[in-house]
Structure formats: structure tokens, C-alpha cells
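The values are calculated or read from the model by the stated rules, or taken from the named source; none is laboratory data. Note that the structure is predicted; figures quoted are calculated from it, not measured. All Cβ positions, glycine included, derive from the backbone under ideal geometry; neighbour counts span all protein chains shown. Surface accessibility is based on the protein's heavy atoms, side chains included, excluding ligands, DNA and RNA. Shrake-Rupley method; radii C 1.70, N 1.55, O 1.52, S 1.80 Å.
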Amino acid sequence: MLARVANNLFWMGRYLERSEHIARYLNVNYFSSLDAPNELSQSRDFVLRSMLFVADEEELKTTKTLNERDVLFDIGLNPEKHYSILSSISYAQQNANGARDLISTELYESINTLNRKVKNYSAERFVKSGLFEFTNLIKSNIASLRTKIRATLLHDEVYAIIMLGIYIERANQVIRIINSKYNDALIEKVNSGTSVKTSFEWTTLLKCIETYDMMRRYYRKTPTSHNVLEFLILNTNCPRSIMNSLNSINYYMGFLTKEEYPHKNSAAFLIGKLTSEYKYKTIEDFQEDLKGFIENLVDDLSLVGEKMDKDYFSLY
């Protein structure tokens, strides 16, 4: 397989996963604020800043005043914003074109169909009343695409590369959403004196990642910072947890490297080391310095992506 084609497969998986997480975050964060228990969490400015923080933190740093219609358009359907859902779907479609011979007709046609739906969706309708409909359109179509990936492709190197892209992006998005909700909880504490440990934002976080029901089933307790972070970071049986993603990345990396003992500078060695390191962590190891833990994990995941690009996808 050409490195260019492998790169197309990898980024197709990443962009599809990214678009779903952004759509889900927009949906849950916006509508959960309507039932929030305090005035700050109901504030439009507070909600919009949280959305932009997840979509593109750098954009938030340069934006002083936020207009609801502009923020929703930029994150949803602005073709000039690289972080918009429209851009992610478009990039996924372009990468699918580059790997057309290796993916099924069913998967390829479904990506093209979704791309057309998103491009043809009325921006005016979206910013006025279409947020719920549009984000559910993205979520349902990405779920369908994920099924087609699993059900219509050979489970070989092609499949493994796509899944690597999906799981690396999932880990990145989940840690970004955790970071966003943690920041929201800190802001709540400063402005209204709400305890960070029992903040409403932890419930919103679980719903943003679609793990609320399973977390309640597992712990049978009200969500707190302790049990939510333990569930989303360390629980290997939670399909959206960081640990589950690391295990999956480590597993699919085995399709690309046959070395029993990978070189210490390789992507396979790095992800194996990272997986082993986090396997034996406990919630107490990072709860006191969650911000530092998040920054380190983001750096580690970025390094894994860079190593994979150098080992498998680089054209030079």
C-alpha cells in the first residue's frame, strides 16, 4: 500500500470521528443548558465559549465577543473554518476519494451522500432552528458509516488503519471534552461558589460522550468529578474511555508492525509504553492535578500521531 493511500484511510477515519464528537457536543451542551441548575450554566455566552473551546481553542483566544448565530455557523457549516463539521465531512470525503480502490462501494457512497446532505443543508435554517435536526443527522449518519466500515471491509491492514484513525481521534476528542467541562466547572466555582466535585457539568460531560446511563449503571451513584473521571479515563469496558482507546490503538497497531520488540523510537513502542503506563494508573494519580494530566495526555497522543505519520504515512 502506498503511504499516501494509507494516510488517506487514516485521516478519513479521524475526520468522521471528529465530526460526530463536535456534533454531539453542540447538541448536548446547547440543550442541557436550558435545564441547568444555575444562572451561569444557562448563560448563552458561557455555553458558546464552551462550544468554541472544544471546536478550536485557538479561535476562542482571538474572539472577544460571541454572537450565537456566528458561533453556530462557524462550528457547523462555515466552509472557511477548518474546524467546522462541514469541513470535517468534506475532508473525510476527499480522503475517501484518495483510497477509493481499497474501500467498499457501500462505504464510499454513504460518505458521498452525507457530504451532499451537509453541503446542501441551509445555513439560515441551521442557526435559527436546525441545530437539533442537523446534529442528529450527523450522529445517525456517522453511526451508519461506522457500521459499514465494520461490516463491509476486510478486517486487514486497510481496516486497521481506519480504526487507528478513529481511536486516536476519539481519545483526542474525549480528553478535549473533559478539559472543557473541567474548565466550565472551575468557572462555575469562581462565579457561583458551586463545588467542582459535584458540579452539574460532570453530568453534562457524560451526556456529551454518551456514557451517562452506563456510568450510572456501573457506579449506581450521582456523577461526581471522582467517578466520572475514573469512568471516562480508566475504565477499559467503557467504549469511549481513554484507556479503551489506547488498548484499541495498541491492538490495531499490531496489524502494521510484525516486530515482537519494536524499536524504541517507533510508534508501536510508544503506544505500547503509553498503554502500559495508563493501565496501572489510579484516579488518585491525577485528580489533584487534572490540568497537568490533560496537557500531558494531549502531548502524548499528539506524539503518537506524529510517530505514526513518520513510520507509516510519510511521503518523504
* Those helices (runs of 4 or more DSSP H) lying entirely in the stretch 126-232 with at least 1 residues in contact with a Pro (Cβ under 7 Å, 6 or more places away or on another chain) and either free of Cβ contacts under 8 Å to residues at least 24 places away in the same chain or under 17 Å from Val47 (Cβ atoms) (or both) -> 201-208, 212-219
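Quick one: how many residues across the stretch 237-249 are hydroxyl-bearing (Ser, Thr, Tyr) and either modelled with pLDDT under 95 or open to solvent by less than 10 Å² (accessible area, probe 1.4 Å) (or both)?
Qualifying residue count for the region: 2.
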* **Residues satisfying the stated conditions in the stretch 46-104, i.e. open to solvent by less than 60 Å² (accessible area, probe 1.4 Å), farther than 25 Å from Thr204 by Cβ and hydroxyl-bearing (Ser, Thr, Tyr)** => Ser87, Ser90, Ser104
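Restricting to the stretch 250-267, name every residue that is open to solvent by 10 Å² or more (accessible area, probe 1.4 Å) and part of a helix (DSSP H, G or I). Give the steps one after another, and end with the answer.
Keep residues of the stretch 250-267 that are open to solvent by 10 Å² or more (accessible area, probe 1.4 Å), which gives 250-252, 254-266.
Matches in the stretch 250-267: Asn250, Tyr251, Tyr252.
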* Asked: Of all residues in the stretch 105-150, which are open to solvent by less than 40 Å² (accessible area, probe 1.4 Å), in contact with an Asp or Glu (Cβ under 7 Å, 6 or more places away or on another chain) and within 20 Å of Ile161 (Cα to Cα)?
  -> Ile142
* Given the conditions (1) at pLDDT below 90; (2) closer than 27 Å to Met12 by Cα; (3) not charged (D, E, K, R), report the number of the one that Phe46 does not fulfil. => (2)
* Asked: Restricting the search to the stretch 291-316, which residues are buried (at least 18 other Cβ atoms within 10 Å of the Cβ) and touching a residue at least 60 places away in the same chain (Cβ under 8 Å)?
  -> Ile294, Leu297, Leu301, Val304, Gly305, Met308, Tyr312, Phe313
* **Where a residue in the stretch 18-46 is farther than 16 Å from Glu68 by Cβ and its partner, wherever it lies, is open to solvent by 10 Å² or more (accessible area, probe 1.4 Å) and among the hydroxyl-bearing types (Ser, Thr, Tyr), with Cβ under 6 Å and at least six apart** => Asn38/Ser192; Leu40/Ser192
